[in-house]
Structure formats: structure tokens, C-alpha cells
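Have a look at the structure below before the remarks.
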Amino acid sequence: MKRKPVIVEQFTSKISRRSMLGGAVTAAVAIVQTASGKTVQEGISVNELDDPTKRIGTLAGEVGTRSSFEKIVKKPSDISSRSPLQDFYGIITPSDLHFERHHAGVPVIDPAKHELLIHGMVEKPLIFTVAELKRFPSVSRIAFLECSGNFRSGKETMSPQDICGLTSQSEWTGVKLSTLFREAGVKPTATWFLAEGSDAAVMTRSIPIKKGWDDAIVAYAQNGESLRPEQGYPIRLFLPGWEGNTSVKWLRRIELSDQPFMTREETSKYTEPIKDGNYRQFSFDIDARSIITFPAYPKKVEKGWIEIRGLAWSGRGKVVRVEVSTDAGKSWQMAQLQEPVLDKAHTQFRYLWQWKGDETEIMSRVTDETNYTQPTLRQLFDARGSGNAGYHFNPITAWLIKPDGNVLHKSET
């Protein structure tokens, strides 16, 4: 890219004290509003509005906002909204852009009136207020959350947000569920617990108690502030690496038992078909997945060096490697992983590639620390039966780069 030369003029005339004072007076001008509604400084033409040095900026506010030039938004429907993965530059999702998935809308809950009951197979049933939960030793961790139904395909004009935007990542803060288990005295014969929410759907899921003792969190904060209402305010269950539906929002009750409760959300829902008419139940872990977020639809690229970027993650542990193909899967090259590579967390990857203008397909695949490698859609259909694209689908995503630089989603049939 050619840069315009900068011309420096030499001034031979002397700068007088009068002219300096005049300049100071001009800088201290009043702010007026033009007939078109634009606010400008008196003595400055509307044509000079594009120069930020010619006007006073906005004053400090109570809440920061994004630039009006940034049009980054979620795509909402009646029950969910998807994170714009293609617009992110790191691994932390801004709280207001975290994906949403609701079964009966977002309840309005006064934290001063909200309580968490722990009962069932325990030595002493307990009720905790939100304030009491915050008095326990806290823990924070960065981890992703993903809906088990996070997969769409079929059209060329689909962005990463459209394909798998039901995943986001935050720093979650709260109290370990194991701490509360100890307070209540969970009986050794208890093997499952029920988590129940306070929404109108009364969302309930059965969880193996091993997960509760391991890394489960009763979270009350996200990215350094209280949970957003859409994310479970004032408290939610957070189960790192497991399908999002198990991380029950607006948590109000935990019941310990020696068997699963077989609720609506784990019988008629959140089971997936496999071959021979069978269904798989209690498939909690999110399988390893990756997606290139740039270049991707709707971006357009130019010939030359391109930094391919994307996200990779696994519910079973850390990402070990990400490979990128720039020739429709004929060959694969190792991508660079951006540190830190965290357990059960989104990891950013990069690969520098010189595009010469030929039509091609680019794609990525991830391998996690269990040696599981992300499959193709065809491999998933072979394992589960053709057409069973329901829960827990994590196929390799390909992008078709046209000679004119347009990037389209290449769906596999």
C-alpha cells in the first residue's frame, strides 16, 4: 500500500505573543448545535467535524459504551441469541455478547430475596442466601460454555456466528459446589444431584455427584461483575466442559440422590439419536471443536499474506494442537496456539498463509489431550446414522475462497 508523502512547510514569519493568545482564546470556544442536529464548537465549520482535534469529546460516563462505528451484535431468536465469533479478537467474550439460550424467558429476581436450598441425601439440609454464598472462599476460572445443539449448516451465506455461535467464554467467579456439599454433609451413598432453576420452565437436570465434587461452581460473577440476568443472575450452576443445559441458571435448589431424576430435559430432550434406532443419554462432555473465524463469511480477502485465525476448544481438557488445511483437506499444517492454553477453554490459533488468488477451501481441525480429533460431518453421520444432526455435532467447518476474494461457507453433504 502506497503512502501519501507528508509535506512539511517551513514558516519564516515570527509567532507573536498576540497570535498565541488568540489561538488560546480560539481553543476555549463554546459548544453549539448545528441545524442538522450535530454538536460542533463555535467557530469550527461542519466540514472540520472529522478532525477529532477540532472539538471537545464526550465527558466521562457511568457506563462505558462501544464506538458507534462498531456494529457488533448477537443474532437473537425467540429462545436464543448467538455470539458473533467472527468479530472477536481474543478468548474472552464480552458479557453482553455472551450467547443466550432460554426455555421460558429471563426471570427478574431480587438477590435479597433469592435462596439456594440443598437437601435430600445430606446430614443437614441448608438454605443459603446470596450474601451468605459470597462469604465462602471464592474461586475464579476461565472456561467456555456451549449449547449441545450448537450446529447449523446448509447455506453458503453463513458466518461463524450462524454455524456455531452458541458458545462463549468468560471468567466465572463463585463458590465451589464441593464446599457447599461439605457444609451440608453429603451422604456417601449419594451418587447424583438435581439442579433446579427459578425460571418459568423450572429447568432441572440430573448431574453425577462426581462432577459436583470435581470442578462445579455456584457462580455469582462473570468477567469481574455480577452475572448478567441472561446468564443466571443472581446465581447459577457452572459445570466446566459440559453441555450448557446442565449449567442451570437462576439456581434455587440442589437435591442429592442415589439415582438420576429422569427429568423432562434429559428424557424427551437433550438426548441424541445414534444408529439402529437407539438414543444416547447423559452425554455431558462437549467434544473437541474448532472453527476458522477469519477469513470467513461475510469477509472478503485480497491476494497476498493472510493470517488465518480461529478458535478451538474441548470439554475434555486442553487443546493439544490445531491443524489448518488450505487445499480442501489434501494436506494439513500445524497452527500456532496463542497462550494461555487453558483447561476446558477456548484457545485462539493462527496460521500465516499466502493466497495467490486461486479458488480453494480452508479448514481447521483440533486434537485435545485425550487424543480425540475433530471429525468431518460425514464421519459423524457414519457413526450416528445419516441425517441425525442433532445434539453434540462438532464437524470440521470449511470455507470456500473464490477468485474474487469472497468467502463462503462450504457445507458438507
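Values for this structure:
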| item | result |
| --- | --- |
| Whole-number D in µm² s⁻¹ for the range 251-350, Kirkwood Cα-pair radius fed into Stokes-Einstein, 20 °C, 1.002 mPa s | 124 µm²/s |
| Å² per residue, accessible surface of the chain at 1.4 Å | 53 Å² |
| Whole-percent carbon and sulfur share, accessible surface of the chain, 1.4 Å | 51 percent |
| Equivalent ellipsoid semi-axes, the range 321-375, via Cα gyration tensor eigenvalues times 5, rooted, Å | 23, 13, 7 |
| Cβ charges +1 (Lys, Arg) and -1 (Asp, Glu), total dipole of the range 340-413, debye | 60 debye |
| Charge dipole (the chain, unit charges on Cβ, about Cα centre) - positive-most of Val322, Ser148, Phe261 | Val322 |
| For the range 109-225, size of Cβ-based charge dipole, Lys and Arg +1, Asp and Glu -1, in debye | 360 debye |
| Listed residue (Thr65, Gly277, Ile396) projecting farthest to the positive dipole end of the chain, Cβ model | Thr65 |
| Electrostatic dipole magnitude of the chain [Cβ: Lys, Arg +1; Asp, Glu -1; Cα centre; debye, to 20] | 800 debye |
| The range 152-209 pair-distance distribution - Cα-Cα, 10 Å bins, rounded % | 15, 26, 30, 19, 8, 2 |
| Within the chain, helix-based [θ] at 222 nm, where runs of 4 or more DSSP H residues each add -39,500 (n - 2.57), nearest 500 | -2500 deg cm²/dmol |
| Evaluated at q = 0.19, 0.20 Å⁻¹: base-10 log I(q)/I(0), Debye formula over Cα of the range 134-273 | -1.16, -1.26 |
| Convex hull per residue volume in Å³, alpha carbons only, for the range 106-216 | 143 Å³ |
| Mean separation of Cα contacts under 8 Å (6+ apart) over length of the chain, as relative contact order % | 14 percent |
| Reciprocal of mean inverse Cα separation for the chain (Kirkwood radius, Å) | 24.5 Å |
| Debye intensity ratio in log₁₀ form over the Cα atoms of the range 297-413, taken at each q of 0.21 Å⁻¹ | -1.22 |
| Directionally averaged shadow of the range 98-139, computed from the convex hull of its alpha-carbon atoms, nm² | 5.2 nm² |
| In the range 350-413, the trypsin sites (Lys or Arg not before Pro) that fall in loop regions by DSSP, at most 16 other Cβ within 10 Å | Lys356 |
| Loop-resident sites, the range 116-217, for trypsin sites (Lys or Arg not before Pro), counting at most 10 other Cβ within 10 Å (DSSP) | Arg135 |
| Approximate shape of the range 346-387 as ellipsoid semi-axes (Cα gyration tensor, √5λ), whole Å, largest first | 26, 18, 7 |
| Exposure ranking of Tyr279, Tyr89, Tyr391 by accessible area [1.4 Å probe, largest first] | Tyr89, Tyr279, Tyr391 |
| Projected-area average for the range 136-177 over all orientations - Cα convex hull basis, square nanometres | 3.6 nm² |
| Under 19 Å from Lys356, Cα to Cα: lysines that are on another chain or at least 8 residues apart | Lys299, Lys300, Lys303, Lys330, Lys402 |
| Beta bridge orientation in the chain: antiparallel %, DSSP, nearest 5 | 95 percent |
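The values are calculated or read from the model by the stated rules, or taken from the named source; none is laboratory data. Given the structure is predicted, the values throughout are model-derived calculations rather than measurements. Cβ atoms come from the backbone with ideal geometry, glycine included; neighbour counts cover every protein chain shown. Accessible surface areas use protein heavy atoms only, side chains included; no ligands, DNA or RNA. Shrake-Rupley method; radii C 1.70, N 1.55, O 1.52, S 1.80 Å.
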